[in-house]
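Participant: Could you have a look at this structure, given as structure tokens, before my questions?
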Amino acid sequence: MRRRLIKESPFFANSTAHDGNGWDNKMPVFKINRGNTLMVMEMRKLWRILNYLLYSSPAGKNKEKEIKAIESIKTISRKQNCVVKMKYGTEIKNHLRFLKEYLPQEKKEQVKEKPELFDNSDKPDIEKYKKEMVGRHYKFIISPENPEMDCKALAKTLVARLEVLTGHKFVWLAAVHTDTGHPHAHLLINGVDARGKKVECFRGTLLKHTIREMAKQICTEIKGERTIEEIRASISKLPEANRYCTLDKAISLYSYVSKNNENKNYETCVRSQNEIMYKRLCHLEKIGLAVKRKNNNIFDLEKNWEEKLRSLGRYSSYLKARNDLLFTSNVELKVFKGENGESAKGIITKIYKMNYEESWDNAIVVENKAENKSWFIPVHKEPNSRLLGAEVNCYKRDNGKFNTVIHVTKWNSLEK
């Protein structure tokens with residue numbers, strides 16, 4: 001593909017440091033794809049709005065102008081934000097344990113006032129749920145950004161609309177947890193509905209897009225559209241997000257191959273353009289995906305940093321796993337997909353188990369010291385603690401479409 005050289009826009013060239021970071025106004029040259037011209041324009045527009053919202057004085061501002069600026073760019077929505085995650089299980093013992101222990105927080109001694117379980121009735125019949133429960137079950141966490149959201153109303157409305165959408169009459173229970181300082185709802189749906197029909201609808205587009213958009217819409221109906229102040233607060237959190245976000249698209253766009261860096265683990269670099277990008281790059285450095293050069297505002301980016309950020313957003317234990325490796329470099333840790341006959345051969349050095357508050361992952365880490373390779377391998381069922389230290393060969397049947405097979409070739413290799 002042909003490439004061309006462009007200079008930094010006047011908007012960036014006239015930027016000055018507000019917090020003493022000391023980036024200069026030199027005119028660096030960037031290489032971009034010719035086909036990315038529209039993206040460049042969109043990113044410049046985004047930076048203007050972000051800077052306007054975060055650093056302009058709130059006093060005496062034109063609210064209509066501010067609202068128009070927000071609505072003029074697709075990346076900023078006035079809908080209330082809400083995170084929805086789902087995990088499913090197939091064993092009735094885990095289903096029962098989630099119902100008896102986790103939803104009511106029975107084993108959390110620090111929680112004095114235990115949450116009450118609820119469904120769409122005035123008083124939930126928990127014993128009836130236990131009689132009807134099967135091995136397959138779905139566990140949702142519904143976490144609105146607004147801390148004043150009525151999580152109980154949110155969960156009830158979401159289930160009601162899902163029933164209309166899917167045609168099911170769900171058998172479900174839920175509870176609102178407030179001990180983390182950020183109220184959120186946990187929803188448990190039985191794998192067989194009230195009509196005796198198997199529930200197999202939570203997959204694909206319905207899970208990845210529809211349910212999440214539905215939750216945002218319900219939150220907006222309950223609390224109204226986000227105010228300018230709420231949007232400001234939300235944007236201010238972006239630089240420290242442990243996931244791939246809009247800021248990273250801009251960093252990727254302005255990154256270029258580093259000719260002076262001999263470290264092959266850091267193939268590209270980027271010059272900070274303004275305060276927001278600088279804060280984002282500092283956070284990437286904090287979590288180990290970037291390194292700041294001395295005496296300037298250029299950051300070297302770890303290879304495959306974008307893919308690793310997406311892994312962080314999907315697996316909350318991935319960042320911890322990078323820091324817990326025993327034999328290999330954290331740069332080499334990648335999420336195992338099992339595609340095209342890929343296998344992971346090595347020793348299981350870490351096991352992560354789902355606890356539904358800090359982590360929604362069941363996973364193992366396999367390290368191959370001889371080849372300096374390591375894999376973060378999500379597994380469907382809670383991994384057995386006996387696997388720690390075992391020498392294994394992990395693969396997926398049918399080109400990665402099914403659950404990971406963990407074949408143990410030797411036990412207790414780690415101890416030896």
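The values are calculated or read from the model by the stated rules, or taken from the named source; none is laboratory data. None of the values given here were measured: they were computed from a predicted structure. For neighbour counting, all protein chains shown are included, and Cβ atoms are generated from backbone atoms with ideal geometry for every residue, glycine included. Heavy atoms of the whole protein, side chains included, go into the accessibility calculation; ligands, DNA and RNA do not. Shrake-Rupley method; radii C 1.70, N 1.55, O 1.52, S 1.80 Å.
Participant: Calculate the dipole size of region 303-410 relative to its Cα centre from +1 charges on Lys and Arg beta carbons and -1 charges on Asp and Glu beta carbons; express the result in debye to the nearest 20.
Facilitator: Around 140 debye, computed over region 303-410.
Participant: Compute the Kirkwood hydrodynamic radius of region 180-219, taking the inverse of the mean of 1/r over all pairs of distinct Cα atoms, and give it in Å to one decimal.
Facilitator: 12.3 Å
Participant: Also, I was wondering about something else. Of the listed pairs K107/K130; K128/K198; K87/K216; K131/K353; K123/K353; K345/K381, which have alpha-carbon separations greater than 24 Å here?
Facilitator: Among K107/K130; K128/K198; K87/K216; K131/K353; K123/K353; K345/K381, the Cα-Cα distance tops 24 Å for K131/K353; K123/K353.
Participant: Something else now. Once phi is turned into θ = phi - 60°, what whole-Hz ³J(HN,Hα) does the Karplus curve with 6.51, -1.76 and 1.60 give for every residue of region 371-381, x standing for Gly and Pro?
Facilitator: Once θ is set to phi - 60°, the couplings for region 371-381 become 9, 6, 10, 8, 10, 9, 10, x, 10, 6, 9 Hz.
Participant: While we're looking at this one, here's another question. Counting only residues 5 or more places away or on other chains, whose amide H sits under 5 Å from the amide H of A290 once H atoms are built in the peptide plane?
Facilitator: Residues meeting the amide H criterion: E285, E302.
Participant: Let me check against my output: what whole-number percent is the relative contact order of region 71-188, with C-alpha pairs under 8 Å and at least 6 apart?
Facilitator: Once normalised by length, the contact order is 33 percent.
Participant: From the alpha carbon gyration tensor of region 71-153, can you work out the equivalent ellipsoid semi-axes (sqrt of 5 times each eigenvalue) and give them in Å, largest to smallest?
Facilitator: 30, 17, 14
Participant: How much net charge surrounds R212 when only the other residues with a Cβ under 12 Å from the Cβ of R212 are counted, with Lys and Arg +1 and Asp and Glu -1?
Facilitator: +3
Participant: What does region 259-416 give for Rg and for Dmax, in Å, if only its C-alpha atoms count?
Facilitator: Rg, Dmax (Cα atoms, Å): 17.3, 53.
Participant: Report the relative contact order of region 159-262, percent, no decimals, based on alpha-carbon pairs under 8 angstrom and at least 6 residues apart.
Facilitator: Worked out over region 159-262, it gives 15 percent.
Participant: Output the Cα-based Rg and Dmax of region 280-365 in Å, rounding Rg to one decimal and Dmax to a whole number.
Facilitator: For region 280-365, the Cα radius of gyration and maximum Cα-Cα distance read 14.5, 46 Å.
Participant: If you take the charge dipole of region 70-157 about its Cα centre, with +1 on Lys and Arg Cβ and -1 on Asp and Glu Cβ, which of T157, L96, I142 is farthest toward its positive end?
Facilitator: Towards the positive end, the residue furthest out is L96.
Participant: Report in % the part of the accessible area of region 359-400 that belongs to carbon and sulfur, leaving out ligands and nucleic acids; probe 1.4 Å.
Facilitator: Answer for region 359-400: carbon and sulfur cover 42 percent of the accessible area.
Participant: Give me log10 I(q)/I(0) at q = 0.15, 0.17, 0.18, 0.22 Å⁻¹ for region 210-273, Debye formula, one equal scatterer per alpha-carbon, no solvent.
Facilitator: Debye output, listed in q order: -0.70, -0.80, -0.84, -1.03.
Participant: Once phi is turned into θ = phi - 60°, what whole-Hz ³J(HN,Hα) does the Karplus curve with 6.51, -1.76 and 1.60 give for every residue of region 172-177, x standing for Gly and Pro?
Facilitator: Those phi angles translate into 8, 9, 8, 8, 9, 9 Hz.
Participant: Taking the solvent-accessible surface of protein heavy atoms with a 1.4 Å probe, what is the per residue accessible area of region 191-259 in Å²?
Facilitator: 53 Å²
Participant: If you put +1 on each Lys and Arg Cβ and -1 on each Asp and Glu Cβ, how big is the dipole of region 148-259 around its Cα centre, in Debye rounded to 20?
Facilitator: Roughly 460 debye, rounded to the nearest 20.
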